[in-house]
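Below you'll find the structure, written out as C-alpha cells, and then a few comments.
The values are calculated or read from the model by the stated rules, or taken from the named source; none is laboratory data. The structure displayed is predicted, hence computed values, not measured ones. Ideal geometry is used to build each Cβ from the backbone, glycine not excepted, and the neighbour counts take in all protein chains shown.
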Amino acid sequence: MSSAPRVVDAPRSPPRTELPAHLAALFIALLLGLQPLTTDLYLPALPTLTRQLAAPMHLAQMTMAALMLSFGVAQLVWGPLADRFGRRPVLLIGLSLYLLASAGGVLAPNIETLIVARVVQGAAMAAAVVCARAMVRDLYEPHEGAHVMSRGLSGLGIIAIASPTLGGLVAHWLGWRGALAVVAIVGAITLWAVWRKLPETLAQRNPRATQLRALAPAWWHILRNPTFFTWTALIAATYGGLFTLLSASSFVYIEVLGLNPSLFGVVLGSASVSYLIGTVVCRRWLLRFGMAGAVGRGALFTLAGGVVMGGFALAGVQSLWGMLIGHWLFCFGHGIHQPCGQAGAIGPFPLAGFVLAFVAFFVGQWLGVSLDGTVRPMALCLGFWALVTSGIAWTLVQRHALPRVATA
C-alpha cells in the first residue's frame, strides 16, 4: 500500500439522499449525453457554417478543437469544486454557463465569437460530465453503480446515434444556427430538470478537496503508475482516431464525396451503432478473455479500419464505401478500447480526460491546415492512430493490463 496522501476522505459515509435507479440513470444519460450532443449534432452543418462565416479551415476546426481543450482542462477544476461544495451547485452553475454559451453560439456574428462561445461551452460541459460520474459513486456501491451506469450509458448511446442524424435534418432545413439552437434547447431542458428534480447526492463535503497541497502529491503518484500510463495512452490513441473522424468527416463526406447534410447525419449515426455493437462485444469478451484479451482482439478491428481507409486514400481512390467500411471498423474497435481504457485508467477521471483533450486539440489543429479537398488527410490520420492504438494494445496493455489498487 502506498503512503501517498489521499484526496478524498475514506471511508465514505452512507449517502443522505436516495434517488430511484431509473431517475439516476435518466440524469446520467442527460448529463453525459451533453458531450456527444455538443460535438456531433452540429457536425453536418460545419461546412455550411464555414462558408457562411467566411472562415478559414483552421478556424473552422478550432470550433471543435478549442471546445475539447477547454472541456479537458475544466475537468481538473470542476472535480475538486464538486467535492468541496457539492454536486448540485456545480451542476447548476455549469449548466447555466452552458446555456448562455449555447445561445452565444447561435447568435455569433463571426467565427471568432463562435470559437469563444464554444470554449465556454466546453468548460461548462465538463461540469455535467464530472458530476454525473461522481453521483454514481455518491449513491451506490461499485456493483450497483455499474448497473445504474450501464442503464445511463444505454440512454447515452441513443443520444449519440440520434445527434448527428437530427443535426443533419436540422442543418438541411434550418442551417447551422438551427443546429446550435437545438443544443441550446436541450441544455435548457437539462438545467430545468436538475433544478427541479435532482437533489444533492454528496453526503459529506471535503474541505480539503481544492487545496493544491492535497491534490498535487496524489496526482503525481498516480501519473507515475505504469498501469495508469498504459490505459491512458490507449484511450488517448483511440480517441485521437475518433476525433479525426469527428473533426474531418463532415468536410470529407459532404464536400469531397458529395453527401447532403441529412445523409451525412445518417453516416455518423451508423458509426455510433457500430460503436455500441463494439461495447456489447466488449462485455462478452471481458468475461471470456479478460481486459488484455479483449483489447488485443479489438485492436484487429481498429487496425483493419485504418488500413482500409488509408489504403483507399493511398491508392488515390475516393470511395464512399471505402471510407464507410474503415469508419465502421474503427468505431467498432473504439467500442472495445474506450470502456476498457476508462476502467483501467485508475485514479481521478479528470486526469485521463485532460490528456484526451490535448490529443483532440492537436489533431484538430493538424487537420485544420491539412484538409485539402481529398480524403487523404482524414484517412492517413486515422491510419496513424489505428497503428498507435494497436501497438499499445499488443505491447503495453499486455504487460500492464491488471490495474493496481489506487491508494492516492
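SER262 meets the conditions (1) modelled with pLDDT of 85 or more; (2) of a type outside the set (Val, Ile, Thr); (3) over 17 Å from LEU324 (Cβ atoms) in every case but one. The failed one is (3). Against the definition (crowded, with 19+ Cβ neighbours inside 10 Å, modelled with pLDDT under 90, closer than 22 Å to ALA162 by Cα and not small (Gly, Ala, Ser)), how does TYR275 come out, yes or no? Judged against the criteria, TYR275 is a match. The helices (runs of 4 or more DSSP H) falling completely within region 31-147 that include 1 or more residues that are basic (Lys, Arg) and touching a Gly at 6+ places or on another chain (Cβ under 8 Å) map to 111-139. I'd like the full set of residues that are over 10 Å from VAL183 (Cβ atoms) and surrounded by fewer than 24 Cβ atoms within 10 Å (Cβ to Cβ), limited to region 91-102. If the condition is that a residue be over 10 Å from VAL183 (Cβ atoms) and surrounded by fewer than 24 Cβ atoms within 10 Å (Cβ to Cβ), then LEU92, ILE93, SER96, LEU97, LEU100 are the ones that fit.
Results for (1) surrounded by fewer than 18 Cβ atoms within 10 Å (Cβ to Cβ); (2) in a helix (DSSP H, G or I); (3) in contact with a Phe, Trp or Tyr (Cβ under 7 Å, 6 or more places away or on another chain), shown as yes or no for each residue.
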{"site": "ARG284", "(1), (2), (3)": "yes, yes, no"}
{"site": "ARG288", "(1), (2), (3)": "yes, yes, no"}
{"site": "GLY311", "(1), (2), (3)": "yes, yes, no"}
{"site": "VAL317", "(1), (2), (3)": "yes, no, no"}
{"site": "GLY322", "(1), (2), (3)": "no, yes, yes"}
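Going residue by residue through region 336-358, is there one that turns out to be part of a helix (DSSP H, G or I), modelled with pLDDT of 90 or more, of a type outside the set (A, V, I, L, M) and in contact with a helix residue (DSSP H, G or I) (Cβ under 9 Å, 6 or more places away or on another chain)? Looking through region 336-358, none of the residues is part of a helix (DSSP H, G or I), modelled with pLDDT of 90 or more, of a type outside the set (A, V, I, L, M) and in contact with a helix residue (DSSP H, G or I) (Cβ under 9 Å, 6 or more places away or on another chain). How about region 268-303: which of its residues are small (Gly, Ala, Ser) and either in contact (Cβ under 8 Å) with a residue 60 or more places away in the chain or within 27 Å of ALA45 (Cα to Cα) (or both)? Selection gives GLY269, SER270, ALA271, SER272, SER274, GLY290, ALA292, GLY296, GLY298, ALA299.
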